[in-house]
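The values are calculated or read from the model by the stated rules, or taken from the named source; none is laboratory data. Nothing here was measured: the structure is a model prediction, and the numbers come from that model. Virtual Cβ from ideal backbone geometry, glycine too; neighbours counted across all protein chains shown.
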Amino acid sequence: ERTFALIKPDAYPRYRKQLIKQIIEKGFTIVAQEEVRLTTDVAEKIYGDMSSFPVYDRIIEFVTSGHSLALVLEGADAIATWRNLVGPTNPKTAKFEARNSLRAKYGLDAQKNAVHASKDHQEAKR
């Protein structure tokens, strides 16, 4: 199975090597990777399901504010495995519920939470 992952602007310049190391250690194959600066159009496609959330505009502004690393990951049950490794959206929650998750280790707040994880097959494909 394949999934989409994004190392966001808050984590990309500082933690990409550590994040990639943990991705590989978890058993994923990195099928593709590209340094990107997301356009608003692309960011809206990635986060479109959140358009009704009050913080939507801030999320789009943040993910388009700097360079990110877009990844296609492959592995057994990749979507669920990646979401589990990433942890809860809010790093403060992640520190209590999933102390070893990527967001617990590298996230700053609910928007600057280091990485994106697709929630299902449709979102991963999009």
So if I check each of VAL31, VAL42, which one is touching a residue at least 12 places away in the same chain (Cβ under 8 Å) and of a type in the set (Val, Ile, Thr)?
VAL31
If ALA76 satisfies all but one of (1) surrounded by fewer than 18 Cβ atoms within 10 Å (Cβ to Cβ); (2) part of a helix (DSSP H, G or I), what's the number of the condition it fails?
(2)
Residue selected from region 38-91 under the condition modelled with pLDDT under 95 and among the aromatic types (Phe, Trp, Tyr), by the criterion farthest from HIS116 (Cα to Cα)
PHE53
Where GLU25 falls short, out of the listed (1) of a type outside the set (Phe, Trp, Tyr); (2) at pLDDT below 95; (3) farther than 17 Å from LYS112 by Cα:
(2)
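Can you tell me which residues in region 79-108 are part of a loop (DSSP other than H, G, I, E, B), crowded, with 19+ Cβ neighbours inside 10 Å and free of Cβ contacts under 8 Å to residues at least 60 places away in the same chain?
We begin by selecting, within region 79-108, every residue part of a loop (DSSP other than H, G, I, E, B); these are 87-90, 98-101, 107-108.
Of the ones still in play, those that are also crowded, with 19+ Cβ neighbours inside 10 Å are 87-88, 101, 107.
Passing the criteria: GLY87, PRO88, SER101.
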Complete set of residues in region 109-126 that are over 12 Å from the mean Cα position of the chain (by Cα), under 18 Å from ALA32 (Cα atoms) and either surrounded by fewer than 17 Cβ atoms within 10 Å (Cβ to Cβ) or hydrophobic (A, V, I, L, M, F, W, C) (or both):
HIS121, LYS125, ARG126
When you scan region 60-69, do you find a residue that is free of Cβ contacts under 8 Å to residues at least 40 places away in the same chain, in contact with a Phe, Trp or Tyr (Cβ under 8 Å, 6 or more places away or on another chain) and not small (Gly, Ala, Ser), even just one?
yes
